[in-house]
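Taken together, the values in this text are just the output of simple stated rules run on the coordinates, not laboratory data. From a predicted model like this one, the values you see are computed outputs, not experimental measurements. Because the Cβ atoms are built from the backbone with ideal geometry, glycine has one as well, and the counts that use them run over all protein chains shown.
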Amino acid sequence: MKKTIALIIGFILLILIAINIFNQDDIVDLQLEKLKQTYAVKPIPSVDHRKLPELQKEFKSPQEVTEVCISCHTETPKEVMASAHWNWERAGYIEGRGIKFLGKKNVVNNYCIGSKTNEQACAKCHIGFGMTNNDEFNYKDSNNVDCMVCHDNSETYQKGASLAGYPDREVNLEKVAQSVGMPKKSNCGSCHFYSGGGNNVKHGDLEEAQLDCSREVDVHMASNGLNLECIACHTATNHQIKGRLYSVSSDNENRANCEDCHTSTPHFATILNTHTARIACQTCHIPEYAKVNATKMDWKWSTAGIMKNGEPYETEDSVGNHDYMTIKGSFVWKKNVKPDYVWFNGTANHHLVGDQITSIPIQINALNGSYTDKYSKIIPVKINTGDQIYDKKYNYLIIPKLYAPEKGDSAYWADFDWNTASEAGMKRIGLPYSGSHGFVSTVMYWPLNHMVAPKDKSVSCAECHTRNNGRLAHLSGFYMPGRDRSARLDFLGRWLVILSVVGVVIHNSLRILSAYRRKKIEMNIINYNTNDDDSE
Amino acid sequence: MMMTANKIYIYKRFERFWHWTQAALIIFLALTGFEVHDSIHIFGFQKAVEFHRIASYSLIVLLIFAIFWHLAFDAWKQYIPTRKNLLAQIKFYANGMFKGEKHPTEKTALQKLNPLQRLIYLGFKLLMIPIVVISGLLYMFDKTIDANQVVVISKFRLENIALWHTFGAFMLIAFLVVHVYMTTTGHSYTSNIKAMITGYEDVEPELPTDEETKQ
């Protein structure tokens, strides 16, 4: 009786323990709650610019606005003019190359190739006025700083198309000047959403949908979530904004990291926290990008220049994105894209203007990192492929002159002649053009940091820890449980088990067989004995 | 003359508890472990990992108790290998038992194991279990988080750890197969298993002495 009671108590205890272990309530993440509390409070500006008498006037030029701005914010121009947004370059260290001044001014990409000779169009995304030629632009004139493009809160300010950074003529400068405040998504987005000549062309994870999106698209910027502004993470001290984009950057400095808010061990499960040693947060938390609008994944300049009835033309794919343009070539767009994954230690190399082509495809911005480098982590990237023009004789990439307001100024987009466009572009660069050009394959890497999914949508364990086509299938040099095994050991192990089973089955069959045979013999004896017993 | 089996008390309560809990844990660890290895799919990878960890901690606790028990009650002496009857025992399994011969080793409470069992179980305790437990611990603590919330990675290559762990797992499964089968080779097909459940085992009756026959 006592034994039975003890057994029952023990059994119940076991069940209770099991329930406790396996059935956990959703624990409230206090760290996350605290962050939400902090960022739910939106600061109220201390100055209402509408009340300032200096701004109650009609501005004839945007420079006049800037003049008024810096009459109060006297030291701000110094800060702004020390930024990469203004200088279009920044000192950076590249392993094996030393210190280089890199930025939009001089880097190559595999979209519109390069800004030189095309500034009148490209300067739409320069925070200055009148940059028709960045070699001749006066970087010391503070009146040319465009305060409004970042600080307009009326959402009416707009830079004009091909106006060298001047605002659109329709903009009411007085209204804009009176509305200024902290930068909003729409300010940053006016350039960063549309880089590459259209919405979401370059980044894939930054686009106009994030002005008003759901948590499914971007947990941080969602209108039904915290609705964070860009500057919540990309904080700035003295106009030096945190964050690095590796199409123009090369070093591991002043980056905006998830860990800045979330720490490096944000999960309840230790096993997830230990992942953070070699896996970037983004790898699991950005399962896909270009969630709302497609992004450009491939751009082949080699097909540009085909005319229809002697005129340039464009065609669109099934969802309305250009898949061919005479001026630019052919494109591939993709939506809801699964990222590619690479090792990255925060530093990048760059294929610079004048560099010899040594391997194809050219890595425009090779991201450094490997499993053996302990500072590297696996990150998700968008890889943009394509081909672009190069000099066959001198074996380097060509920066062609693409834009000119009119025909006859050797711009490819007006004259459709690669020779004159190359000649004009390379002349500005200061490198010779041989007269013989071809097209070479290039790739570019775009680390993905935005469009973070809600936690239940993050990449599940088995999407990587699997033998078949896991997300990290092509990353090698390390052992990952579930993905990797020793085929030989598995083979030997399997046969060890199979042979054990076979051996056991044979042994047992022999036992049964021999027992049966013996029984036959014994039967006679037993029968005899039994009779004998009976007779007793 | 009726051949009535003798019952002797062989396995004490803790011993039985230890045996069956260990058996259940090892089978469960094999299922979850080979799911982590992506050989089978039952619980899903994430659950398999969680369960494997819980089961492994349970096994370690159990092993600590078992080791204590072996030392405290001198049970370890059961496993001291001996050559006496070893060959005879092998011959019995390979040949003798088909002819209906008797077990060459007598089973008593003081000598539960025949020489072959001693050898195999010693190997189990000193080789197979340590291989999976040590490689398992190294596997589990390959990455740890220090006081500053920094993740520290051990210097052992995870690949080597994992392969030793897999090797141990295959050995244990092969052991399990043969072990389960060998339990059927007692006095009857089920007498050994019954003994591990009840503690009492039917052993082969000793040949009746003259005195017994007379009674």
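The relative contact order of the stretch A:318-390, computed from alpha carbon pairs under 8 Å that lie at least 6 residues apart in sequence, is 32 percent. Angle, helix A:2-22 long axis vs. longest principal axis of chain A, Cα atoms, 0 to 90°, nearest 10? Between the helix axis and the principal axis of chain A, the angle is about 20 degrees. Using the beta-carbon distance between B:Thr21 and B:Asp146 and R0 = 41 Å, what value does 1/(1 + (r/R0)^6) give for FRET efficiency, to the nearest 0.05? Step by step, r from the Cβ atoms, then E = 0.75.
Give, as ranges by residue number, the residues of the stretch A:116-147 whose backbone N falls under 17 Å from the point 7 Å along Cα→Cβ of A:Arg97. Hits in the stretch A:116-147 for A:Arg97 at 17 Å: A:116. Scaling against 2.2 N^0.38 Å puts the C-alpha radius of gyration of the stretch A:332-447 at 1.29.
Computed about its Cα centre, the charge dipole of the protein assembly as shown is approximately 2280 debye, with only Lys, Arg, Asp and Glu carrying charge at their Cβ. Peptides A:69-79, A:106-116 ordered by packing proxy, namely the average of other Cβ atoms within 10 Å per residue, highest first: A:106-116, A:69-79. For the pairs A:Lys105/A:Lys242; A:Lys159/A:Lys401; B:Lys77/B:Lys143; A:Lys124/A:Lys175, flag any whose C-alpha to C-alpha distance is greater than 28 Å. Violating the 28 Å Cα-Cα cut-off are B:Lys77/B:Lys143.
Working from label points 7 Å from Cα in the Cα-to-Cβ sense, the A:His322 to A:Arg255 distance is 3.3 nm. Taking the average, over residues, of other Cβ atoms within 10 Å as the packing measure, peptides A:299-309, A:121-131, B:73-83 rank A:121-131, A:299-309, B:73-83 from highest down. The Cα center of the stretch A:198-258 and the Cα center of the stretch B:1-76 differ in position by 52 Å. Max-minus-min Cα coordinates of the stretch B:26-184 on each principal axis give 64, 37, 24 Å, with the largest extent listed first. In a fully extended conformation the segment linking A:Ala462 and A:Lys57 would gain 139.5 nm over its present Cα-Cα distance, using 0.36 nm per residue.
Mean per-residue shielding of peptide B:152-158 is 2, counting Cβ atoms of other chains within 10 Å of each Cβ.
Each DSSP beta bridge with both residues in the stretch A:306-423 is either parallel or antiparallel, and the antiparallel ones are about 100%. Spin-label model, B:Ile90/A:Ser436: points 7 Å from Cα along the beta carbon direction are separated by 7.9 nm. Here the stretch B:6-205 is assigned +1 on the Cβ of each Lys and Arg and -1 on the Cβ of each Asp and Glu. Its dipole about the Cα centre then comes out at about 620 debye.
When the stretch B:6-205 is described by a simple charge dipole with +1 on each Lys and Arg Cβ and -1 on each Asp and Glu Cβ, the residue from B:Ile27, B:Thr166, B:Met182 located farthest towards its positive end is B:Met182. Between B:Val36, B:Val132, B:Val177, the residue with the greatest mean-square fluctuation in the GNM of chain B (Cα pairs under 10 Å linked by springs) is B:Val177. Residue by residue along B:97-110, Cβ atoms of other protein chains within 10 Å of the local Cβ number 2 on average.
Rounded to the nearest 10 degrees, the inclination of helix B:158-182 to the longest alpha-carbon principal axis of chain B is 20 degrees. Between A:Lys2 and A:Ser509, the contour length at 0.36 nm per residue exceeds the alpha carbon distance by 178.0 nm. For the peptide B:47-58, the mean number of other protein chain Cβ atoms found within 10 angstrom of a residue's Cβ is 2.
When the charge dipole of chain A is built from unit charges on Cβ atoms (+1 for Lys and Arg, -1 for Asp and Glu) and taken about the Cα centre, the candidate among A:Thr358, A:Tyr39, A:Pro400 whose Cα reaches farthest toward its positive end is A:Thr358. Sorting the segments A:12-21, A:471-480 by their residues' average number of neighbouring beta-carbon atoms within 10 angstrom, most packed first, yields A:471-480, A:12-21.
Run the paramagnetic zone check for A:Thr358: 7 angstrom along Cα to Cβ, then residues of the stretch A:96-113 with backbone nitrogen under 17 Å. What the label zone holds, given the 17 Å backbone N cut-off, is A:96-99. Label the stretch A:282-349 by shape, choosing from rounded, prolate and oblate, from the square roots a ≥ b ≥ c of the eigenvalues of the Cα gyration tensor; if a/c is under 1.5 it is rounded, and otherwise prolate applies when a/b is larger than b/c, oblate when it is not. Because a/c hits 1.5 or more and a/b fails to exceed b/c, the stretch A:282-349 counts as oblate. DSSP assigns beta bridges within the protein assembly as shown; of those with both partners inside it, close to 90 percent run antiparallel.
Distance between the modelled labels on B:Met182 and A:Asn138, one decimal in nanometres: 9.5 nm (7 Å Cα→Cβ projection).
So for chain A, averaging the separation of alpha carbon pairs under 8 Å that are six or more residues apart and normalising by length, what relative contact order in percent results?
13 percent.
Provide the gained length on full extension for the span A:Thr237 to A:Asp168, in nm with one decimal, where the gain is 0.36 nm per separating residue minus the Cα-Cα distance.
Here the segment from A:Thr237 to A:Asp168 would lengthen by 21.9 nm.
Among B:Leu113, B:Leu86, B:Leu126, the residue with the largest mean-square fluctuation in a Gaussian network model of chain B, with springs joining Cα atoms closer than 10 Å, is B:Leu126. When the Cα gyration tensor is reduced to axis lengths a ≥ b ≥ c, the ratio a/c stays below 1.5 for the stretch A:215-299, which is therefore classed as rounded. Length, then width, then depth: along the principal axes, the Cα atoms of chain A run 136, 62, 47 Å. Could you check which residue among B:Ser135, B:Ser58, B:Ser154 shows the biggest mean-square fluctuation in a GNM of chain B with a 10 Å Cα cutoff? Judging by the Gaussian network model, the answer is B:Ser154.
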